[in-house]
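Scroll down for the structure; my scribbles are underneath it.
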Amino acid sequence: MAIHLLVASFWIGGMLFMILALSPYVRKLPHDVSVKAYQEVGKRYSLWGTVIGLPVLFLTGIYNMKTMGVSLSDLMNFSNPYAATLHHKIHLFFITVFLAVIHDFYIGPRSHLNKKFRITARIIGVLNLILGISIIYLAAKLRMGG
Ligand code: HEM
């Protein structure tokens, strides 16, 4: 559970930092400097957040699930409120992974090409933050029994 919490903190904290602290400053920099800053910081966050973090969250999440005695059939059949909440959490997780992969490996690396890519990258970034906050809400609900 500790590793799950640590990686969850990095995932959510990283997005909050990018959107609330880094982007407002980087956007004011000259275009070529801001492009380089976004690409460099984005690549590092993508490595630790998307490539390493998300798979670790899934594996430790499965471990937590087993520790809590929830079977795959419980999950698929919404057998109890806990399994139902976890089902929804995993659904949001898969959407998060899909958006993160699109953002980090297709849209993000092209965001310096034109305004459309830049705006799309920002929209996906904010969407994934909203999904992350929703996942945290469901995680807290799990703690309360689902
Ligand atoms: C972005 C992805 C995720 C985030 C941010 C996240 C966050 C969290 C947090 C903060 C907790 C602690 C809740 C608490 O103790 O109050 C937690 C617990 C848990 N997570 Fe995740 N999680 C993520 C993905 C997953 C996935 C993919 C699974 C399942 C495959 C999962 C399964 C669980 C389980 C079973 C618990 C234990 C809940 C309990 O009974 O206390 N999580 N998660």
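The values are calculated or read from the model by the stated rules, or taken from the named source; none is laboratory data. Please read these numbers as outputs of a predicted model, since none were measured by experiment. Reconstructed Cβ throughout: ideal geometry from the backbone, glycine too, with neighbour counts over all protein chains shown. Accessible surface is based on the protein model in full, side chains and every heavy atom, while ligands, DNA and RNA are left aside. Shrake-Rupley method; radii C 1.70, N 1.55, O 1.52, S 1.80 Å.
Structural remarks
- Here the calculated FRET efficiency for Ala84 and Tyr63, from their Cβ-Cβ distance with R0 = 25 Å, stands at 0.80, rounded to the nearest 0.05.
- Remark: spin-label model distance Ile123-Ser73 equals 4.3 nm, labels positioned 7 Å along the Cα→Cβ axis.
- Share of carbon and sulfur in the accessible heavy-atom surface of segment 2-143 [1.4 Å probe, %]: 74 percent
- Helix 115-143 vs. the chain, principal-axis angle (Cα, 0 to 90°, nearest 10): 20 degrees
- Ranking by accessible area, most exposed first, for Phe10, Phe117, Phe17 with a 1.4 Å probe: Phe17, Phe10, Phe117
- Surface per residue (accessible, 1.4 Å probe) for the chain, Å²: 62 Å²
- Acute angle (nearest 10 degrees) that the helix 54-67 long axis makes with the longest principal axis of the chain, alpha-carbon atoms: 10 degrees
- Here the chain is treated with +1 on each Lys and Arg Cβ and -1 on each Asp and Glu Cβ, and its dipole about the Cα centre works out to around 460 debye.
- By the rule of a C-alpha distance below 22 Å, with chain neighbours fewer than 8 residues away ignored, the lysines paired with Lys141 are Lys66, Lys89.
- Gain in span if fully extended, Ile3 to Arg110, counting 0.36 nm per residue against the direct Cα distance: 35.2 nm
- The residues Tyr38, Tyr45, sorted by heavy-atom accessible surface at 1.4 Å with ligands and nucleic acids left out, run Tyr38, Tyr45 from largest to smallest.
- Of Gly61, Ser46, Ile90, farthest towards positive along the dipole that unit charges on Lys, Arg, Asp, Glu beta carbons give the chain: Ser46
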